[in-house]
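To start, the structure itself, in structure tokens.
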Amino acid sequence: ICEIRIADPEFFDVSNINRQFAARKLSVGVSKAFETARMLRDITDDSAIEVYGMGIDSLMLHQFLSGTAVVIDEIEFWNIGSCILMHQHARKYKVPILNALTVGFAAYVHLFTETSEPVEEMLGMSLEEGLMLERAVLNGTVTTSERTRIMDAALSCFIPDQPKYYAGKSAHLHQELVLDRLLKEGRAPIIATNPPFAGGLVADHALLVILEKLGLAEREITLVPPSPGYAKIDAATFTVM
């Protein structure tokens, strides 16, 4: 890997410590992008690292995507406009995008290419609407109906079959509580062991995509079916689909 590019406008919070790389007590309040780059530099010094502390916007996407082999999309759940914007530009530059999300003990991996179903069609949302809703979230003016619109679109796109956190008699009630918290608080409970699980899975597939593009995948591989297809692995049930 000759160059790694990181884009993230957020700062580490206490809630990130249990599950995000570079999140520690000492990094609370520090730029996620720059702190992650610093820790990567501690690991290796033979790769270039570019940091975009402003996050994703139309002004940086040309430089961010030019010459890029693959993008791993972990854009914040509510930043729906930035997600659509990056996907549109990635299709223009013919850069594949991998996306990984976690719910319960399950990990979902999606692959978007220049010929697969566009993310905005899967979301059922235009770029203009996405940017408008994202601004409302960032400004704190988002209404319940607007938050519901984002939540329903994102869940149907990225997590079409939501797993349960446990399988007791009241599991369906528990699932309702998770969605209610997501709607009211803007966040959902995340089991700390699962983000590394999903991160390793999507990193493996990013490497496989690169090797295949270079003609170096000298073994049998099965890539994630392009959107609207996806791969799901549930560690609790040992099921794969």
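Quick one: would you say ASP42 is closer than 25 Å to LEU138 by Cα, acidic (Asp, Glu) and more than 15 Å from the chain's Cα centre (by Cα)? No, not satisfied. Going through the range 37-56 one residue at a time, which ones are within 17 Å of GLU76 (Cβ to Cβ) and open to solvent by 40 Å² or more (accessible area, probe 1.4 Å)? Of everything in the range 37-56, just one residue is within 17 Å of GLU76 (Cβ to Cβ) and open to solvent by 40 Å² or more (accessible area, probe 1.4 Å), namely MET54.
Residues that are without any contact (Cβ under 8 Å) to a residue 60 or more places away in the chain, open to solvent by less than 10 Å² (accessible area, probe 1.4 Å) and more than 11 Å from the chain's Cα centre (by Cα) within the range 76-121 comprise GLY81, ILE84, MET86, HIS87, ALA90, VAL95, listed in sequence order. Beta carbons closer than 7 Å, at least 6 apart along the sequence or on distinct chains, pair a first residue in the range 162-191 that is modelled with pLDDT of 80 or more and surrounded by 14 or more Cβ atoms within 10 Å (Cβ to Cβ) with a second that is basic (Lys, Arg) and not in a loop (DSSP other than H, G, I, E, B) for LEU183/ARG147.
Being among the small types (Gly, Ala, Ser), surrounded by 15 or more Cβ atoms within 10 Å (Cβ to Cβ) and touching a residue at least 24 places away in the same chain (Cβ under 8 Å) is the filter; apply it to the range 193-234 and report the residue that is nearest to VAL109 (Cα to Cα). Only one residue fits best here, namely ALA231. Residues of the range 48-75 that are under 20 Å from SER116 (Cα atoms) and free of Cβ contacts under 8 Å to residues at least 24 places away in the same chain: ILE75 alone.
The values are calculated or read from the model by the stated rules, or taken from the named source; none is laboratory data. Just so you know, these numbers come straight off a predicted model, no measurement behind them. Every residue, glycine as well, gets a Cβ built from its backbone with ideal geometry; the counts of neighbours run over all protein chains shown. All accessible areas refer to the heavy atoms of the entire protein, side chains included, with ligands and DNA or RNA removed. Shrake-Rupley method; radii C 1.70, N 1.55, O 1.52, S 1.80 Å.
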